[in-house]
Amino acid sequence: MSNPLPSTPGESSRSPSSVLNEAASSPHHRHSRSHEREQKWINPCRIPTVLPTFSSNSELIQTQPDEDIFHNIIVQATKAETQAVEFFKDFYREAFGGDPEESDRYERLTYDFLTDIMDQVNNELTDEHFSTLQVDETIRLMYQGLQKFAVGLEAIVLDQACYGGSFYHHFNEAEFQLKYVLCELQIAMLEKNISYNDITREIMKTEYRDLADKSTRYIRDWTIFRDYVKTLRYVRHAFQYFRNRAISSREVQNSVQDNN
């Protein structure tokens, strides 16, 4: 299945005013700003909701080999991680001063709606760990986990636009790049016939949104952003392991066939 390109003309270069115009911006309506917007992380590939039907006896056929599916996920995760890392230290420096690699004063903080995915991501990035994973379950877990980060990034972008944050364009682009990663994971689930339930923005409590206090916003934004980058790194390493294993399996099969 080819990537239907999850983009809208001008989407990655939206101005703060255009974002705010999509939702109510008066004080008594701010709590509902995000709830009036499309949840872009749901059906990120924008695949038509009405698909051809097949008889119960039809066999779903995977159109791409696993190594290609995993490669596409790795490529998009790498692009998203690269974009995020470009302003990773600068954002921390503006928010708290210093270098996050030397001392992250909020390293133990994770928001409750991200706990499940971070329990997985915080494992050591080793072959020993990755060898315990099931491919289908990992694809589903990473898709739903990154959807949760999309919910968080949406709140960050809205508040950056509303309160004049200096990293609005960076976070807006991060939102855009994440949708490409989600699209590849959605394609993988369709190819491999993996069932899943989409994550909705209700997972993120109202108390975490529309934060007028700048210091509180910095803590929220940094914590979500840092864990998002960690998750992209995990995705890249996990699917590289799966791809290497798929390639090795194919080479063994080809060798057996050649010897027969």
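Any read-out appearing in this document is the output of simple, stated calculations on the displayed coordinates, not a laboratory observation. No experiment lies behind these values; they were computed from the predicted model shown. Cβ coordinates were reconstructed from backbone atoms using ideal geometry, including for glycine residues, and neighbour counts include every protein chain displayed.
Need one word for segment 184-225: rounded, prolate or oblate. Basis is the Cα gyration tensor (sqrt eigenvalues a ≥ b ≥ c); a/c below 1.5 gives rounded, then a/b vs b/c decides.
On the way: a/c = 5.80, a/b = 2.69, b/c = 2.15.
Note, shape of segment 184-225 comes out prolate.
Where does the charge balance sit around Thr115 when Lys and Arg score +1, Asp and Glu -1, over other residues with C-beta under 11 Å from its C-beta?
Within the 11 Å Cβ shell, the charges total -3.
For segment 67-164, the Cα-based Rg and Dmax, in that order, read 15.8, 45 Å. If you plug the beta carbon distance of Asn254 and Gln64 into 1/(1 + (r/R0)^6) with R0 = 22 Å, you get a FRET efficiency near 0.75.
Derived scalar couplings between HN and Hα for segment 104-111 equal 9, 5, 10, 4, 8, 8, 9, 6 Hz in order, rounded to whole Hz, by the Karplus curve 6.51 cos²θ - 1.76 cosθ + 1.60 (θ = phi - 60°), x for Gly and Pro. Karplus-based coupling profile of segment 224-240, in residue order and whole Hz: 5, 5, 4, 5, 4, 5, 4, 5, 4, 5, 4, 4, 4, 6, 4, 6, 5, with θ = phi - 60° in 6.51 cos²θ - 1.76 cosθ + 1.60 and x standing for Gly or Pro. Computed extension length for Asp90-Glu38: 15.7 nm, one decimal, from 0.36 nm per residue of separation with the Cα-Cα distance subtracted.
Could you rank the peptides 146-156, 186-196, 65-75 by their average count of other C-beta atoms within 10 Å per residue, with the highest value first? If you can, show how the numbers build up before the last one.
On the way: 146-156: 24.2, 186-196: 17.5, 65-75: 19.4.
Highest-to-lowest ranking by the protection proxy: 146-156, 65-75, 186-196.
Length gained on full extension, Arg105 to Glu128: 5.3 nm, using 0.36 nm per residue less the C-alpha separation. Straight-line reach from Lys40: which lysines have a Cα under 20 Å away, not including same-chain ones fewer than 8 places off? Straight-line reach from Lys40, under 20 Å: Lys79, Lys148, Lys179, Lys205.
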